[in-house]
Amino acid sequence: MEQTRRDFIKGAGLVAAGAAAFTGVTALAGCSSQPAEKTAFETKHECDVVVAGAGIGGLAAAVSAAEKGANVILVEASQHVGGTSRFAAGAFGPRFGAEWEAAYAKAPMSDPELGKLVCDNWGSYVEWIDGLGLTTEELAPGSPYVWMGGKRPAEEGSKSYTDEYLQQFGDIFVEKGGTTLLGTRAIKLLTDDAGAVTGLVAEDAEGPFAITAKAVILATGGWQCDKEMCTKYIGRHADLGQAQCVPYLDGSGIKMGVEVGAQLSRSFGSYYGHPQPWPMTYLNGVDTPEGYEAVENVDDVHILYYGTTEHSIQSMGIYVNTEGKRFVNEGLGSSLVNQEVMQQHMARAYLILDEGVREIIRQTPFCNAAVIGGDRIDHMIEKGMTVVQADSIEELGAKIVAETADGVSFNAANMAATVAAYNEAAAAGTAEALEVPHLGTVPATPLSTPPFYAIPVVGGIMATFGGLRINTDTQVIGTDAQPIAGLYAVPGAAGGIMNGDYWCVMSGYSVLGRLSGEVSTAYAQSAGSAEK
């Protein structure tokens, strides 16, 4: 599909910025900006469309392309389809609603064209997956969110049948004639002499091989597992944060795109995630390929990365850094608080609570929804997460110094003074006037009832926002502001749709994945007709 003159004019002003960003990633990835050389690898497969990555966006792309009549191959690094979405609670949709003008008012740094595209097509996407036989259930009357696979019974916690839904999605692809290559990573794009993408090199346990195709869709996810990229784009200590995802998201699709001349999007400095309790020894290796592939119940990973993190204790208590000082408005909510945690010394902070706040947490369904028959903090302790407990704030500070890994750098005196100032303001109802205001839907609550708790956390990254620049046909844009023929990308390999705060992670991947499958198939079919 050709780029319009309007699209060209819109993109021309971004060439200089895109070229500069391209240079940075080229140096980072050790890639050349010239078109890739022709492969000497054996060609094992030929198809119309090859999709790299079988997360929720890649699955939508693959099924959509197969449904439109394409011969499709789906390559996936893991032995399971579904990607990081397997860990999710399973409710997805445009967070601020499917009316773009209202959503844009709450997410004004989002890409207006891509954002509108997601909102305008969300309703038809849900109708499409329902038509495929995938079960969804409305989150609440009037909500744009739906539960993947339907909502589980309340006694089973705050989760849907997420993984069942994703595995069924993969089965539907095979039923439609698609081929899935598990344990197979895409490592390089193939191009012809004109620079058009003609397939990719993949690697499995037996070694590398070529897949020739008329179109390639990059659905390889983000780059949160690449520690060098994290420090380059997020912050000097971001390599100490926790990637809350399947352990394959190293930016490979972005690097492959850059190698053949792709532009980068904006939004590399923001991301989606939640503060993660540390040290992370309780993960028991699930953040490595070997550990992840050995997981028998993926719900266990959901609890570690989502259900038992600070995500659901948001807006309660206060966060202090290693200097013992508040640095963020806790009322912003977990995702935005998390991004500020990542900017602190060693990407670390402490969530300070008292028994009064803990009781509020116990009595608030959202805060304990993922914990069956118990208290979330008890559950954290049971899982091996660090929770420091003391009968006074002064004793709590001493225990933080004595018992936590960076206690040597923790300023206990400042922490005690910070809590005292916060308590005074909270009691007086003036917390919004603090040097770092406390504002939000949950009023500031004094921390005065023993025992007191401190939960050490680091910044976590579930989804990155920066990637390859695409247009509204999901075509990857080159440094010449023109689409790269035959190359398409789905967020998070594509980027720029969100900036600052999240609002369409799985829903955005899904809508643009479906579109990418349709558009790439049309391109492949037209290319096939031209060859005859």
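Search region 91-104 for residues being over 18 Å from the mean Cα position of the chain (by Cα) and of a type outside the set (Phe, Trp, Tyr), and hand back the single one that is most open to solvent (accessible area, probe 1.4 Å).
Taking region 91-104 first, the residues over 18 Å from the mean Cα position of the chain (by Cα) are 97-104.
Next, only the ones that are of a type outside the set (Phe, Trp, Tyr) stay: 97-99, 101-103.
Working: 97: 16, 98: 40, 99: 136, 101: 163, 102: 57, 103: 1 Å².
Among them, the one singled out is 101.
Among the residues that make up region 242-260, is at least one of them open to solvent by 10 Å² or more (accessible area, probe 1.4 Å), of a type in the set (A, V, I, L, M, F, W, C), closer than 27 Å to residue 488 by Cβ and more than 16 Å from the chain's Cα centre (by Cα)?
Yes, region 242-260 contains a residue that is open to solvent by 10 Å² or more (accessible area, probe 1.4 Å), of a type in the set (A, V, I, L, M, F, W, C), closer than 27 Å to residue 488 by Cβ and more than 16 Å from the chain's Cα centre (by Cα).
Exactly one condition in (1) within 24 Å of residue 477 (Cα to Cα); (2) in contact with a strand residue (DSSP E or B) (Cβ under 9 Å, 6 or more places away or on another chain) is false for residue 179; which is it?
All conditions pass for residue 179, except number (1).
So, in region 147-163, of the ones that are of a type in the set (Asp, Glu) and surrounded by fewer than 16 Cβ atoms within 10 Å (Cβ to Cβ), which residue ends up nearest to residue 88 (Cα to Cα)? Lay out the reasoning, then the answer.
First, the residues of region 147-163 that are of a type in the set (Asp, Glu): 155-156, 163.
Next, from what is left, pick out any that are surrounded by fewer than 16 Cβ atoms within 10 Å (Cβ to Cβ): 155-156.
Numbers: 155: 18, 156: 15 Å.
Residue satisfying both the conditions and the ranking: 156.
Could you please find all residues in region 150-179 being outside any helix (DSSP H, G or I), within 18 Å of residue 72 (Cα to Cα) and not β-branched (Val, Ile, Thr)? Steps first, answer last, please.
Step one: list which residues in region 150-179 are outside any helix (DSSP H, G or I), which gives 150-153, 157-161, 176-179.
Those still in the list that are within 18 Å of residue 72 (Cα to Cα) too: 176-179.
Passing the criteria: 176, 177, 178.
Could you say whether any residue in region 190-202 is in a loop (DSSP other than H, G, I, E, B) and open to solvent by less than 10 Å² (accessible area, probe 1.4 Å)? If you could, list the steps in order and put the result at the bottom.
Within region 190-202, the subset in a loop (DSSP other than H, G, I, E, B) is 192-196.
Applying the additional criterion that residues be open to solvent by less than 10 Å² (accessible area, probe 1.4 Å) yields none.
Taking every residue of region 190-202 in turn, none turns out to be in a loop (DSSP other than H, G, I, E, B) and open to solvent by less than 10 Å² (accessible area, probe 1.4 Å).
Select from region 45-61 the residues that are closer than 20 Å to residue 528 by Cα and either at pLDDT below 95 or aliphatic (A, V, I, L, M) (or both) and write down the one among them that is farthest from the chain's Cα centre (by Cα).
Step one: of region 45-61, the residues closer than 20 Å to residue 528 by Cα are 45-51, 61.
Within this subset, residues satisfying the condition of being either at pLDDT below 95 or aliphatic (A, V, I, L, M) (or both) are 49-51, 61.
Values: 49: 25, 50: 23, 51: 19, 61: 18 Å.
Selected residue: 49.
Condition first: closer than 30 Å to residue 283 by Cβ and part of a loop (DSSP other than H, G, I, E, B). Can you find one or more residues in region 103-116 that meet it?
Of the residues in region 103-116, the ones closer than 30 Å to residue 283 by Cβ are none.
No: region 103-116 contains no residue that is closer than 30 Å to residue 283 by Cβ and part of a loop (DSSP other than H, G, I, E, B).
Count, please, the residues in region 498-527 that happen to be part of a helix (DSSP H, G or I) and within 30 Å of residue 340 (Cβ to Cβ). Working first, answer last.
Filtering region 498-527 for residues part of a helix (DSSP H, G or I) gives 505-527.
So of that shortlist, the ones also within 30 Å of residue 340 (Cβ to Cβ) come out as 505-512.
Residues meeting the conditions: 8.
Run residue 472 past the list (1) within 17 Å of residue 224 (Cα to Cα); (2) assigned to a loop (DSSP other than H, G, I, E, B) and report the number of the one that doesn't hold.
Of everything listed in (1) within 17 Å of residue 224 (Cα to Cα); (2) assigned to a loop (DSSP other than H, G, I, E, B), residue 472 misses just condition (1).
Considering every residue within region 73-90, establish whether at least one is modelled with pLDDT under 95 and aromatic (Phe, Trp, Tyr). Walk me through how you get there before you give the answer.
To start, the set of residues in region 73-90 that are modelled with pLDDT under 95 comprises 87-90.
Going one step further and asking which of them are aromatic (Phe, Trp, Tyr), we end up with 87.
Yes; the residues of region 73-90 include at least one that is modelled with pLDDT under 95 and aromatic (Phe, Trp, Tyr).
Count, please, the residues in region 385-423 that happen to be part of a loop (DSSP other than H, G, I, E, B) and of a type in the set (Ser, Thr, Tyr). Please lay out each step first, then the result.
First pass over region 385-423, keeping only residues part of a loop (DSSP other than H, G, I, E, B): 385-387, 391-392, 404-406, 410-411.
Restricting the remaining residues to those that are of a type in the set (Ser, Thr, Tyr) gives 386, 392, 404.
Result for region 385-423: 3.
Being open to solvent by less than 40 Å² (accessible area, probe 1.4 Å), small (Gly, Ala, Ser) and touching a Leu at 6+ places or on another chain (Cβ under 9 Å) narrows it down to one of 107, 88, 77, so name that one. Can you show your working first?
Values: 107 fails: touching a Leu at 6+ places or on another chain (Cβ under 9 Å); 88 fails: touching a Leu at 6+ places or on another chain (Cβ under 9 Å).
That would be 77, the only listed residue that is open to solvent by less than 40 Å² (accessible area, probe 1.4 Å), small (Gly, Ala, Ser) and touching a Leu at 6+ places or on another chain (Cβ under 9 Å).
With the condition kept exactly as written, say whether any residue in region 129-139 is assigned to a helix (DSSP H, G or I), crowded, with 20+ Cβ neighbours inside 10 Å, within 21 Å of the chain's Cα centre (by Cα) and β-branched (Val, Ile, Thr). Write out each step before concluding.
Filtering region 129-139 for residues assigned to a helix (DSSP H, G or I) gives 129-131.
From what is left, the residues that are crowded, with 20+ Cβ neighbours inside 10 Å are 129.
Filter again for within 21 Å of the chain's Cα centre (by Cα), leaving none.
No, because not a single residue in region 129-139 is assigned to a helix (DSSP H, G or I), crowded, with 20+ Cβ neighbours inside 10 Å, within 21 Å of the chain's Cα centre (by Cα) and β-branched (Val, Ile, Thr).
Given the conditions (1) more than 27 Å from the chain's Cα centre (by Cα); (2) free of Cβ contacts under 8 Å to residues at least 24 places away in the same chain, and given that residue 204 satisfies all but one, which numbered condition is not satisfied?
(1)
Please state which one of 474, 418, 464 is at positive phi, crowded, with 22+ Cβ neighbours inside 10 Å and at pLDDT 95 or above.
On the way: 418 fails: at positive phi; 464 fails: at positive phi.
Result of the check over 474, 418, 464: 474.
Given the conditions (1) among the charged types (D, E, K, R); (2) open to solvent by 40 Å² or more (accessible area, probe 1.4 Å); (3) at pLDDT below 95, and given that residue 501 satisfies all but one, which numbered condition is not satisfied?
Unmet condition: (2).
The values are calculated or read from the model by the stated rules, or taken from the named source; none is laboratory data. Everything quoted here is computed from the prediction, not taken from an experiment. FYI the Cβ positions are ideal-geometry reconstructions off the backbone, even for glycines, and counts take in every protein chain you see. Quick note on the areas: whole protein, heavy atoms, side chains included, nothing else; ligands and nucleic acids left out. Shrake-Rupley method; radii C 1.70, N 1.55, O 1.52, S 1.80 Å.
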